[in-house]
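Q: Before we start, here is the structure in question, set down as structure tokens.
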Amino acid sequence: ESLITMSKIEKTYKLGDNVVHALDHIDLSIEKGAFISIVGPSGSGKSTLMNMMGCLDKPDKGKYILGGSHIDQLKDRDLAEIRNQKIGFIFQNFNLLGKLSAVENVELPLLYRGVKTKDRRARALECLNMVGLKDRAAHLPNQLSGGQQQRVAIARALAGEPQILLADEPTGALDSKTSEEIMNLLTALNENGRTIVLITHDLNVARKAKRTVSIRDGKLQEGEHI
Ligand code: ADP
Ligand code: ADP
């Protein structure tokens with residue numbers, strides 16, 4: 001069953017007389033339960049594709065269907081709602097709020113959805129438990145190691161039970177041992193049925209996924225081509 005279907009997606013940027021084809025006729029289908037990495041060098045179009053996939057931006061041309069919703073046809077207002085419902089984001093720099101504890105950070109997406117206080121706390125603790133950090137619930141981000149902060153961010157991404165986890169260079173700020181731990185955690189989450197899309201410039205990280213596609217000059221190709 002296809003969770004994501006992109007067909008003939010185009011995104012261009014105009015800089016004076018210069019036209020950059022950031023995404024050039026992208027065709028991509030991602031199954032429910034997939035663990036896919038999108039690998040490419042700097043400037044290849046990864047961020048543009050991530051923004052598109054994460055419903056932060058719409059294509060200039062082409063079709064994008066996510067979990068049955070025609071994203072390319074939505075109004076910007078409805079785009080935000082789909083994004084909050086369907087997507088859990090994981091970033092390179094964790095993006096945790098420094099004044100909130102680990103558990104409060106994980107609760108945030110549930111707060112935005114209007115989940116009751118008590119249910120929020122219970123769900124957030126459950127998610128911290130999934131990433132092996134239940135005993136760090138009251139810690140502030142700066143009391144945690146980088147790897148632990150990324151685990152909190154992963155717990156936050158899981159909190160709302162999104163259809164897809166979208167991870168943008170999740171190991172980019174971590175040393176190699178911690179990177180491996182984070183990749184093992186993502187692998188375990190995938191084995192439990194979660195769909196994961198990983199965006200990276202690092203082929204060693206990309207190879208941990210079950211499927212790899214390469215992007216270069218806005219064009220996508222199945223497999224490793226770096
Ligand atoms: P990556 O994430 O792989 O580094 P990007 O998606 O950021 O690649 O960029 C793809 C191409 O689009 C690059 O040539 C980049 O310079 C260009 N680009 C990205 N964003 C903009 C923008 N807002 N305005 C103009 N050009 C852009
Ligand atoms: P790791 O080996 O997982 O990267 P560290 O060696 O950085 O972890 O940290 C070891 C332990 O010390 C962690 O369990 C973490 O909770 C705690 N810790 C790390 N940094 C701080 C800090 N700035 N303040 C308080 N505790 C910290």
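Q: Specify which of the listed residues (Ser29, Ser37, Ser7) is at pLDDT 95 or above and either assigned to a loop (DSSP other than H, G, I, E, B) or more than 19 Å from the chain's Cα centre (by Cα) (or both).
A: None of the others qualify; the one that does is Ser7.
Q: Here's another thing I want to ask about it. Please verify whether region 197-212 includes one or more residues that are within 16 Å of ligand 2 (Cβ to nearest atom) and either free of Cβ contacts under 8 Å to residues at least 24 places away in the same chain or part of a helix (DSSP H, G or I) (or both).
A: No.
Q: Name the residue, out of Lys11, Lys32, that is basic (Lys, Arg) and buried (at least 18 other Cβ atoms within 10 Å of the Cβ).
A: So the residue among Lys11, Lys32 that is basic (Lys, Arg) and buried (at least 18 other Cβ atoms within 10 Å of the Cβ) is Lys11.
Q: Then there's this: Regarding Thr187, is this residue within 16 Å of ligand 2 (Cβ to nearest atom) and among the hydroxyl-bearing types (Ser, Thr, Tyr)?
A: no
Q: Has region 110-118 got at least one residue that is surrounded by 15 or more Cβ atoms within 10 Å (Cβ to Cβ) and farther than 23 Å from Leu198 by Cα?
A: For region 110-118, residues surrounded by 15 or more Cβ atoms within 10 Å (Cβ to Cβ) and farther than 23 Å from Leu198 by Cα: present.
Q: Follow-up. Hey, which of the helices (runs of 4 or more DSSP H) in region 45-160, taking only ones fully inside, have at least 2 residues that are at pLDDT 95 or above and within 16 Å of ligand 1 (Cβ to nearest atom)?
A: By residue number, 46-53.
Q: Another question, then. Within region 213-226, which residues are in a loop (DSSP other than H, G, I, E, B) and free of Cβ contacts under 8 Å to residues at least 60 places away in the same chain?
A: Within region 213-226, Gly223, His225 meet the criteria.
Q: Give me a count of the residues in region 15-26 that are part of a loop (DSSP other than H, G, I, E, B) and in contact with a Pro (Cβ under 8 Å, 6 or more places away or on another chain).
A: So the answer is 0.
Q: Working carefully through the options Asn93, Asn105, find the one that is touching a Leu at 6+ places or on another chain (Cβ under 8 Å) and in contact (Cβ under 8 Å) with a residue 40 or more places away in the chain.
A: Within the list Asn93, Asn105, the selection yields Asn105.
Q: Just one of the numbered conditions (1) within 16 Å of ligand 1 (Cβ to nearest atom); (2) touching a strand residue (DSSP E or B) at 6+ places or on another chain (Cβ under 9 Å) is not true of Ser42; which one?
A: The single condition Ser42 does not satisfy is (2).
The values are calculated or read from the model by the stated rules, or taken from the named source; none is laboratory data. What you are looking at is a predicted structure, and each value in this text was computed from that prediction instead of being measured. Note that each Cβ is placed from the backbone with ideal geometry, even for glycine, and that neighbours are counted across all protein chains shown.
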